[in-house]
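Written out below as C-alpha cells is the structure these notes cover.
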Number of protein chains: 2
Amino acid sequence: MAITRTGPNMNVIAAALGVSAATVSNALSGKGRVSPELIERIRAKAAEIGYVPSLAARALRTGRTGVLGLVLPDIANPLFPQIAQAIENAASAAGYGVLIADSRGDVAMQTEAINRLIERGVDGMVVVPRRGTRIADVGCPVAVIDTPSTPGNTVAADHWDGGAQMGRHLAALGHRRVVLIGTSSSSNVQNDRIGGLKAGLGPEAECETLWIEKVEAVGGKGCSLGLAENARAGFTAFAAVSDLSALRALTELQRAGIRVPEMVSVTGFDDLVWSPVVTPALTTMRMDMAMIADLAIAALIRVIEPEGEAEEAAAGKVASETDRVPMQLVVRQSTGAPHSGGALNLHAPTSNKPTAGELKS
Amino acid sequence: MAITRTGPNMNVIAAALGVSAATVSNALSGKGRVSPELIERIRAKAAEIGYVPSLAARALRTGRTGVLGLVLPDIANPLFPQIAQAIENAASAAGYGVLIADSRGDVAMQTEAINRLIERGVDGMVVVPRRGTRIADVGCPVAVIDTPSTPGNTVAADHWDGGAQMGRHLAALGHRRVVLIGTSSSSNVQNDRIGGLKAGLGPEAECETLWIEKVEAVGGKGCSLGLAENARAGFTAFAAVSDLSALRALTELQRAGIRVPEMVSVTGFDDLVWSPVVTPALTTMRMDMAMIADLAIAALIRVIEPEGEAEEAAAGKVASETDRVPMQLVVRQSTGAPHSGGALNLHAPTSNKPTAGELKS
DNA sequence: CTGAAAGCGCTTACAG
DNA sequence: CTGAAAGCGCTTACAG
C-alpha cells in the first residue's frame, strides 16, 4: 500500500528538472556545491509545486528531530505563560519546535515526562525543575532554569539580586520594619529572594518572615494571614516573594481598611499579567524571560549542533557555569514612604506615581 | 558516516533471538499474528536491552507522527495554563505529544504558526482562534475551541449558559441594577457571556455594559473605570466577564472605600488560580477544561485514526455540531445580598459564606 | 559542479 | 505462525 503524503517530495522536483535528488537536496539545504543558476531553478520549482520537506525523513536520516522539550513543574503555575512564550519564541527563531510536558507538581511524573520526551526523540530539553529535584543524566542535552544557587543550573534570573534591589527600594523609601512573605520555605528561588530582600533592607531593618504554608497548616487553606495585626503593630511594608502572595496581602489589607500605599506598602515578584491592573498597581520585580530563554536555547544548541569542535565532551552538560540574568525593578503605585498620605486621604495618591528615575536597572 | 543512535533498534532484538525484524515489529505492535511465547520472548528481550522505538522511522513509514499541535491566540493569556494542561493531559493519555505554537495575538502569526505545525507533520491540531478568525482548510484535522456561537467550532464551554447561571445567582440575591464589565466588544466569548448574564438577570434588571477598551481609549491604559460612581449611583453588583476584569473592579472598589460584598457584589469568570486567594475570594464561573480537552482530542482522533469506516469524507472537518460543555458556578465571598452587611460592619462577613446548596452546576 | 548508491528504522502486503 | 522484500523521503560520503 502506498502511503499518501500530503505534498510532493524531492523526487518530483528532481524529475521535473531532470536532475538528481541529491542535487535538489544540496541546492535546497544551501550547503551543497551546486551552480547558482541551478539552485535558483530548483528553488523556483520547489516554491511552484509547494514542496514541503519531510521532517520525519530528515530526522530518520540525520538522527535529529529539530524538536526541543519543555518540562515544567506545573503548567498551572501562573508564571508558566511567560516561560512558555519565551521558550517557544527563542526555539522557533532557532528553527526548533517545542514539545510540552507537564509534571503536575509530582517528582515521579517529572521523570516520566522526561522519558516521554526522549522517546519522542527531542534533541534537547529545557527543564524548570520541581523544587529540590536534581535532573539526572538523561542522555540528551538539558538546560536547567532554576536559580543560580541550585547546583547544575544553566541559566536563571538572579533572584537574590532581585530581592536586594527590592529591599533597597523599600529601604530608600524609609521602611525599617517589613514583613517578608513567601509560600514555601523549601523553595530555593523563594529563599534566594528573601535572602536578597534582607540584605537590601540592611542590618538596621527589622524583618519578620511569614511562610504562608505554615500559617495555613494551622489556620486552614485561605485563612487570614493576620497582616492587619502586623500593620497595627508598626510594620510598614509587606514584601512578598511572588505577585500571587502580594495580591493576597494587598486585598487582605484593603479589606481590613488599611490603605495601600498610604498606610503600608506592598510589593511582589514576577510582574504577572494582572499586576499592573490591580488598584493600586503592584510594585514588583520582573525577570527578563526573553533573555533567559535565549540563553537556555543557545546553550542547548551549542551542544546539539556540532561546530567542528569536540562536542561529545559536553554531552548532557550544557553549560559549566550558570548565567545570571538581572531582574528589573518595576515601581508602581503600591509602594510609597511609610504613612506618607495618612489614613484618611482618600483621593490623592498622586504622590505615589512612579517617576522615570525610579524605573531603573 | 554511520548515524549514531542512542539505543538499539529492532534488528538487534531480531538478531539476538534469531527471528526477523518483521516478526519483532508484529510482536511489539501486538497486531501481528505471532505466537504468544515468541511475543513474550521478544518483549522480554526488548525490555532487557532497553529498546526504544524510533518514532521518526515509524512516522516516515506510516505517515503519522503521533504529535498534535496546540495553537493559541496568545500564550500570555492567563487562561492558557488551564487549556495547555488539559490538552497536554488528554493528548498524552491518548498517546500523543503536543507541540505548542503561539500566535502572539496576531492573525498573520496565527497562520504562520499553523503552517509551522504542518511542516512538522502534526497529525492534527486544536486551535483556540484569535477573535474573529475563521480557520481555513489547512489540510489536516483541526478542532476549534471557541464558543458555540462561532461557526466551525468543535467544542467549547457554554459561555452563554454560564452567563445565565451567574445572572440568576445575582438576581436570586436580590440584585436589580448591575454593571456588566467586558474588555473587548468584538469577542464572541465575551458577548455570549454578557448575553447570558442579561438573560439570567431577567427583564426587570437594569444593566449597564462597560467595555474596558472603550473606557481606556478615552482615559488611557489603566485608568479608573469609574466604578465607585456607579456604586454611589445605586448599582449593587459588578459582573465581569473575566476574572482579570473582576480583580480590577474589586481592587478599584476596595480602594475607593467601597466594601465587597457588604456594599456591592463582584463576580468574575474562569476561576483563575488567584481567584480563591484574594480577599474576599471571588465568585466566578469555571469551565470544565478537562472535558473540553477530552472532547477536542477525541474528535481529532476520530478522524486521524481510521476505524474501517469512510474517514476520508470527514478529513479536515472534525465534528459537525459543537459540543457544549456546561460551566460551573463557584460561589465565594465576593457576592452577597445588596447592602446586606452595611457599610460599617467591618469584621462580620460571615453571612456571605457559601452554603453547600449554592455550589451547584 | 553533478549523480548513483546506500542507508536511517520501521511497517506492511505478500508469499510461504 | 514466520520471513524476505520493498519502500516511506531524506542526506551524505564517494566517485566522476
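Each copy carries a label point for A:Pro276 at 7 Å from Cα toward Cβ; from one copy, the others' points are 3.1 nm away, ordered from shortest.
Each residue of segment A:245-262 was assigned a 3J(HN,Hα) from its phi angle through the Karplus curve 6.51 cos²θ - 1.76 cosθ + 1.60 (θ = phi - 60°); the sequence is 5, 5, 5, 4, 5, 4, 6, 5, 5, 4, 5, 7, x, 9, 7, 10, x, 4 Hz, with glycine and proline shown as x.
Note on B:278-284: average number of Cβ atoms from other chains within 10 Å of each residue's Cβ is 4.
Heavy atoms of chains A and B lose about 5000 Å² of accessible surface on contact, summed over both sides with a 1.4 Å probe. Restriction of the trypsin sites (Lys or Arg not before Pro) in segment A:92-199 to DSSP coil positions whose beta-carbon has at most 14 other beta-carbons within 10 angstrom yields A:Arg134.
Between A:Ala93 and B:Arg177, the C-beta separation translates, for a Förster distance of 51 Å, into a calculated FRET efficiency of about 0.50. Calculated accessible area for the protein assembly as shown comes out at 43 Å² per residue, all protein chains present (probe 1.4 Å; ligands, DNA, RNA ignored). When +1 charges are put on Lys and Arg Cβ atoms and -1 charges on Asp and Glu Cβ atoms, the dipole computed for chain A relative to its Cα centre reaches about 540 debye. When the square roots of the Cα gyration tensor eigenvalues are ordered a ≥ b ≥ c, the ratio a/c for segment A:10-53 is under 1.5, which makes its shape rounded. Between A:Arg61 and B:Asp288, the FRET efficiency from the beta-carbon distance, with R0 = 35 Å, is close to 0.20.
Placing a label point 7 Å from Cα along the Cα-to-Cβ direction at B:Pro8 gives distances to the equivalent points in the other copies of 4.4 nm, listed shortest first. Using a Förster distance of 35 Å, how high is the FRET efficiency between B:Glu204 and A:Val52, based on the Cβ-Cβ distance and rounded to 0.05? Computed FRET efficiency for B:Glu204 and A:Val52: 0.05. The length gained by stretching the chain between B:Ser149 and B:Thr111 to full extension, at 0.36 nm per residue less their Cα-Cα distance, is 11.5 nm. Seen against the Cα atoms of chain B and their longest principal axis, helix B:289-304 is set at about 40 degrees.
For chain B, the carbon plus sulfur part of the accessible surface works out to 53%, probe radius 1.4 Å. Looking at the square roots a ≥ b ≥ c of the eigenvalues of the Cα gyration tensor of segment B:160-253, which shape do they give, rounded for a/c under 1.5, prolate if a/b is larger than b/c, or oblate? Oblate is the answer for segment B:160-253, as a/c is 1.5 or above yet b/c matches or exceeds a/b. Using C-alpha pairs under 8 Å with a sequence gap of at least 6, the mean separation divided by the residue count of chain B gives a relative contact order of 15 percent.
A point 7 Å from Cα along Cα→Cβ stands in for A:Glu37, and the other copies hold the same point at 6.9 nm, listed in rising order.
The values are calculated or read from the model by the stated rules, or taken from the named source; none is laboratory data. Since the model is a prediction, treat every value here as computed from it, not as a measurement. Cβ sites come from the backbone with ideal geometry, for glycine too, and all protein chains shown count toward neighbours. Heads up: the accessible areas ignore ligands, DNA and RNA and are worked out on the full protein's heavy atoms, side chains in. Shrake-Rupley method; radii C 1.70, N 1.55, O 1.52, S 1.80 Å.
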